[in-house]
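Working notes for the structure below.
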């Protein structure tokens, strides 16, 4: 589990930055009460703070949408996963409860408004290349829908594409048996390294607290 096992294509040089945290020896069961309470508290605070303001007015949302604009995508049609979480909160809908790892990553994504995904590293065939999806590339999404990847950021390993900042495939999903994971964050190239560092440190702190994880290499690529 080394950062050199994840590479960013030159085609994304002026478009995206990628953040990575490797987690080891983690315990990934159901979300503990403390994590559920933390999520509920943050959701309530954001719901009250944002109120009826359009999400498009929020700087954090603008920043992530700019990544999609740089790719030539419409972020109101192909929403970043982080914005979808925020929309649920503003609408007063609870966040999904999946597992301690997924839920803490969702919490970090909600707080910092960067799309993040958690992947079982033992289900990935490294090296992983982060690149722009090619014509006719797709996979079946978590809900059984076909996810077209052309023009989008895609995570690709030796077996093909398995993830993106909008929707992941089931192939590398984490489960109760996951002990090694990579949390991968997508951001616009003009996002400050400080803001990415803060988001990655949030993941690290939450993973230590709620998954008893050991933290391996982590950092920003691109």
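A few remarks follow.
- For segment 139-153, the set of residues classified as buried (at least 20 other Cβ atoms within 10 Å of the Cβ) and either free of Cβ contacts under 8 Å to residues at least 12 places away in the same chain or part of a loop (DSSP other than H, G, I, E, B) (or both) consists of 149, 152, listed by residue number.
- Test: residue 60 is assigned to a helix (DSSP H, G or I), on the phi < 0 side of the Ramachandran plot and more than 11 Å from the chain's Cα centre (by Cα): yes
- Screening residue 165 on (1) touching a strand residue (DSSP E or B) at 6+ places or on another chain (Cβ under 9 Å); (2) under 23 Å from residue 30 (Cβ atoms); (3) at pLDDT below 90 shows it passes everything except condition (2).
- Qualifying residues in segment 189-212 (those that are in a loop (DSSP other than H, G, I, E, B) and modelled with pLDDT under 95) - the one nearest to residue 129 (Cα to Cα): 189
- When restricted to residues that are outside any strand (DSSP E or B), out of contact with any helix residue (DSSP H, G or I) (no Cβ under 6 Å at 6 or more places or on another chain) and either within 17 Å of residue 152 (Cα to Cα) or in contact (Cβ under 8 Å) with a residue 60 or more places away in the chain (or both), segment 112-129 contains 1.
- Unmet criterion (only one of (1) farther than 23 Å from residue 70 by Cα; (2) touching a residue at least 40 places away in the same chain (Cβ under 8 Å); (3) buried (at least 20 other Cβ atoms within 10 Å of the Cβ)) for residue 171: (3)
- Annotation: of all residues in segment 74-89 being crowded, with 17+ Cβ neighbours inside 10 Å and outside any helix (DSSP H, G or I), the one that is nearest to the chain's Cα centre (by Cα) is 80.
- Segment 174-207: number of residues that are over 25 Å from residue 67 (Cα atoms) and exposed (fewer than 15 other Cβ atoms within 10 Å of the Cβ): 4
- Total residues in segment 154-188, condition within 19 Å of residue 203 (Cβ to Cβ) and outside any loop (DSSP other than H, G, I, E, B): 10
The values are calculated or read from the model by the stated rules, or taken from the named source; none is laboratory data. Bear in mind the structure is a predicted one, so any value in this text is a computation, not a measurement. Cβ coordinates were reconstructed from backbone atoms using ideal geometry, including for glycine residues, and neighbour counts include every protein chain displayed.
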